[in-house]
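This report concerns only the one structure given below.
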Amino acid sequence: MISKFSAPSSENTAAHWDEAVVVVVMSCSVRSAAPTSTEDSMQPEGPAEQIRSTLARIAHLADTGSVEDYVEQFTREAEWNMPANPDRGIPAQVRRGREEIAAGVVERRAAGIQGPGTFTRHVTTAIAVDVTSETTARADAVWTFYVDTATSPELSGVGSYADEFELEDGRWRLSRRVISRG
């Protein structure tokens, strides 16, 4: 590393401080941890990162995606548990299987609660993933739900997800979700 600092002389430092010049030249060697072949770069990320991506995808698709793409994130026999939400007029629900989960999404979209054009956003954070076997995992996360996102965004709800995942058809999919408010 080469550093050069030229400052005004001490005789008139205050008057000429704006003429100070700082030049820093750095040279270093960096070894890349990036894959060295195309085959290496095609390797998928680990299970925990795949699960985090699935959770993010579910949040995005709930607000802006198709129902079909949304339910593809779940195992065929998934279970989805949601407590009552009196603010939105939604009773407690337990949905089993993709068809029932899709029916719940369609209902919430028809009621204008979520989905394209509703200007809502699900935000999933503080995600902790525990891979329990080669084909199962658990994740805990915090969710926030915003409404009126196009005009004056307002926090409408906060809670947590207790999720279970299974490796199905080569992808980590949500097999059970228990939603808590508060």
With unit charges on the beta carbon (Lys/Arg positive, Asp/Glu negative), name the residue among 46, 110, 60 whose Cα is farthest towards the positive pole of the charge dipole of segment 41-177. 110
Relative contact order (%) - segment 60-156, alpha-carbon pairs under 8 angstrom, separation at least six: 22
Rounded to the nearest Å, what's the spacing between the alpha carbon centres of segment 92-108 and segment 133-182? Just the number, please. 15
The ratio Rg/Rh over the Cα atoms of segment 64-182, Rh being the Kirkwood inverse mean 1/r radius, stands at 0.96
Over segment 108-159, what per residue volume does the convex hull of the Cα atoms give, in whole Å³? 103
Got a sec to turn the phi values of segment 98-110 into Karplus ³J(HN,Hα) couplings, 6.51 cos²θ - 1.76 cosθ + 1.60 with θ = phi - 60°, whole Hz, x for Gly and Pro? 4, 4, 5, 5, 4, 4, x, 4, 4, 4, 5, 5, 5
Dipole axis of segment 121-182 (+1 Lys, Arg; -1 Asp, Glu on Cβ), positive-most option in 131, 155, 142: 155
For segment 72-86, 3J(HN,Hα) per residue [Karplus equation, 6.51 cos²θ - 1.76 cosθ + 1.60, θ = phi - 60°, Hz, x = Gly/Pro]: 5, 7, 9, 5, 4, 9, 4, 10, 10, 10, 10, x, 4, 10, x
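FYI, it's all coordinate maths here, none of it is from the lab. Just so we're clear, the structure is a prediction, and the values are computed from it rather than from any experiment. Glycine also receives a Cβ, built like all others from the backbone with ideal geometry; neighbour counts cover every protein chain displayed.
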